[in-house]
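Input: a single structure, listed below in structure tokens.
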Amino acid sequence: MLTLILKELRSISRLIALALLADGFLLSDLTGQSYWLGGTYPMHSGFALIQASWLLRFGFLVAAIAGALGMSMSLDDGLRGTWAFALFRPVSRQAYIGAKLLVGGAVTLALSVLPVAVYSMWAATPGIVVAPFRWSQLQPAIEACGWSVVIFLGAFLSGIRPAKWWWSRLWPLATSVVLGMLFWLASLEPDFPPGLTATASEYWCLCVGMVTVLSVSILAVVEERDFA
Amino acid sequence: MPDAIVTDGLTKWYGSKCVVNALSLRVPEGCVYGFLGRNGAGKSTTIKMLTGMVHPDGGSASLLGQDVATLPPEMRQRIAYLAEGHPLYSWMTIDGLMRFTRPFYPAWNQGLFDQIIEHFQLDRKQKVRHLSKGQVAQVSLAIGIAPDPELLILDDPTLGLDTVVRRDFLESLIQVIQRRGRTIFLSSHVLGDVERVADRIGVMVDGVLRVDCPTDEFKQSIRRVVLSFDGPPPTFSGCDGLVASHIEERRLELVIVGFGESHRELFATLTPQPKNIEVAELNLEDAFIEYTRGSRRAMPVFAGE
């Protein structure tokens, strides 16, 4: 299993580097250090620890990273024509794909959590932010991080399903993005979108449910499909 | 001797096309089996079903006595599969590829791997994407053989290689064969290659296994028979084992499997009688072409000249 994990990490190393760069930009934006990028952005001068506009940018970036990782990891073997080599190693299909899901899920989560974690450590330092620091203020960002795994799995399922691109193949990805966006917004702002409310616990239940359904679906597809 | 590969009614449909039709085949242990057929004949699909990449729509297959539908990972330690085009991770170096593959195989023979890499004078630090097609095939062979497999399944391993590299590759394969009776199942378009190594052949035509016999028997049983006449040849209604027939001016050319006395007796009843009967042996390549071409003949390119 270790050899599979290392191989997957190596195969997505370029994407990880790009995502780290994007995380760096986002972090410098949040901490007000972005003047070196062409302008100052003193977001921490207000009372809100993380402002809504940054949260939306963060949500978009997290979804993009998760989607790119999911697509890349599911399509890589097909595009390179290496399924035959990979799947004939003496491991089960589930183990091979399981390693991909494990690595992809963990990397997605880590890349999402990283800017939030670094920022919270920075902001929690007394004298930096002119507002009391409470961990609960990070809740919307943490929720976005959790959903990033759902989007990763949705993208992975879209990549690995043998269906037509212009028809049903993208449904898992589209569903995970739309559901995530709706419930995330609903948990941020009561009654927005209209008629939809979600408590944090409901949000996390949905998140865990989606992760379970998508993971089981991926493993079922992998077992059933032909790798011609 | 037990069978290394057994298929029973193996069938695969792609849409409305039956690409492999009720294939029943037995490959004894220690046999080198050449699996022949034109493009689209169903060779690769058969191999993909044998290796579990593709699920059959009907029938069953087993490798080393184990049903491929439930082939456990440990069994794959005893089988090597070199897929068409030698797909390897292009971003890995040869050493990296070896480090990735080795942990899967308890019986990995590092000495043998090193020997093959040195024999082909390959640079271990080189990435696969920077290797030539021939070198990729050599790395693929080294990776396939190092686990010391009992059964090697090779899907057109010399496809796209130049003559010299192909010869090197085959010589290495022959050395592998000579190491304690491995079974090799080899599909190829290069019939001369198969002729050199295979002691039994199968020929697929449009998804159906038409020939399954020792290589020499196939070569000996197929004949080109040319009947010459004084005038236009008569319409030939057919005979046992007729593979192809065509008329060229005053000559009737027939390709017949299992040519014998009964055919000569039949020719004697033709009106008009043939002036002369020539019977020619075919090498494997010619026999294969005649056998698989059937009624489809190439267009005469210089017909107008």
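A few notes on this one:
- Some residue of the range B:107-130 being within 13 Å of chain A (Cβ to nearest Cβ) and at pLDDT below 90: yes
- Residue within the range B:61-71 that is small (Gly, Ala, Ser), more than 14 Å from chain A (Cβ to nearest Cβ) and free of Cβ contacts under 8 Å to residues at least 24 places away in the same chain present: no
- Residue count for the range B:59-71 satisfying the condition of being surrounded by fewer than 18 Cβ atoms within 10 Å (Cβ to Cβ) and part of a helix (DSSP H, G or I): 2.
- If only residues of the range B:108-123 that are open to solvent by 60 Å² or more (accessible area, probe 1.4 Å) and touching a residue at least 12 places away in the same chain (Cβ under 8 Å) are counted, the one that is farthest from B:Asp168 (Cα to Cα) is B:Asp123.
- Count of residues meeting criterion [closer than 17 Å to B:Arg99 by Cβ, among the aliphatic types (A, V, I, L, M) and in a helix (DSSP H, G or I)] in the range B:120-144: 4
- Once the range B:222-255 is narrowed to residues that are part of a loop (DSSP other than H, G, I, E, B) and surrounded by 15 or more Cβ atoms within 10 Å (Cβ to Cβ), the residue that is modelled with the lowest pLDDT is B:Gly241.
- Residue ID - farthest from the other protein chains (Cβ to nearest Cβ), chosen from residues in the range A:82-137 that are assigned to a helix (DSSP H, G or I) and among the polar types (S, T, N, Q): A:Ser136
- Residue within the range B:178-186 that is under 24 Å from the mean Cα position of the chain (by Cα), at pLDDT 85 or above and aromatic (Phe, Trp, Tyr) present: yes
- Residue in the range B:72-86 that is surrounded by the fewest Cβ atoms within 10 Å (Cβ to Cβ), counting only those that are in a loop (DSSP other than H, G, I, E, B), facing chain A (nearest Cβ under 7 Å) and at pLDDT 90 or above: B:Gln77
- Where A:Ile218 falls short, out of the listed (1) under 27 Å from A:Leu79 (Cβ atoms); (2) surrounded by 18 or more Cβ atoms within 10 Å (Cβ to Cβ); (3) at pLDDT below 90: (3)
- Remark: pairs (first residue in the range B:91-106, facing another protein chain (nearest Cβ under 9 Å) and open to solvent by 20 Å² or more (accessible area, probe 1.4 Å); second residue basic (Lys, Arg) and part of a strand (DSSP E or B); Cβ separation under 6 Å; 6+ apart in sequence or on different chains) are absent.
- Filtered by the rule that a residue be closer than 18 Å to B:Pro274 by Cα and touching a His at 6+ places or on another chain (Cβ under 9 Å), the range B:224-241 gives B:Val225, B:Cys239.
- Considered as a group, the residues in the range A:1-21 that are of a type in the set (A, V, I, L, M, F, W, C) and without any contact (Cβ under 8 Å) to a residue 40 or more places away in the chain include one that is farthest from the other protein chains (Cβ to nearest Cβ), and that residue is A:Leu21.
- Residues (more than 12 Å from the chain's Cα centre (by Cα) and open to solvent by 40 Å² or more (accessible area, probe 1.4 Å)) located in the range A:110-124: A:Val118, A:Met121, A:Trp122, A:Ala124
- Of residues in the range B:32-58 being among the charged types (D, E, K, R) and within 12 Å of chain A (Cβ to nearest Cβ), the one most open to solvent (accessible area, probe 1.4 Å): B:Asp57
- Matching residues in the range A:91-109 - criterion: being surrounded by fewer than 23 Cβ atoms within 10 Å (Cβ to Cβ), more than 17 Å from A:Cys207 (Cα to Cα) and of a type in the set (A, V, I, L, M): A:Val91, A:Ala95, A:Ala99, A:Val103, A:Val107
The values are calculated or read from the model by the stated rules, or taken from the named source; none is laboratory data. Computed from a prediction, not measured in an experiment: that's the story for all the values here. Heads up, the Cβs are rebuilt from the backbone with ideal geometry, glycines too, and the neighbour counts pull from every protein chain shown. The accessibility values were calculated without ligands, DNA or RNA, using every heavy atom of the protein model including side chains. Shrake-Rupley method; radii C 1.70, N 1.55, O 1.52, S 1.80 Å.
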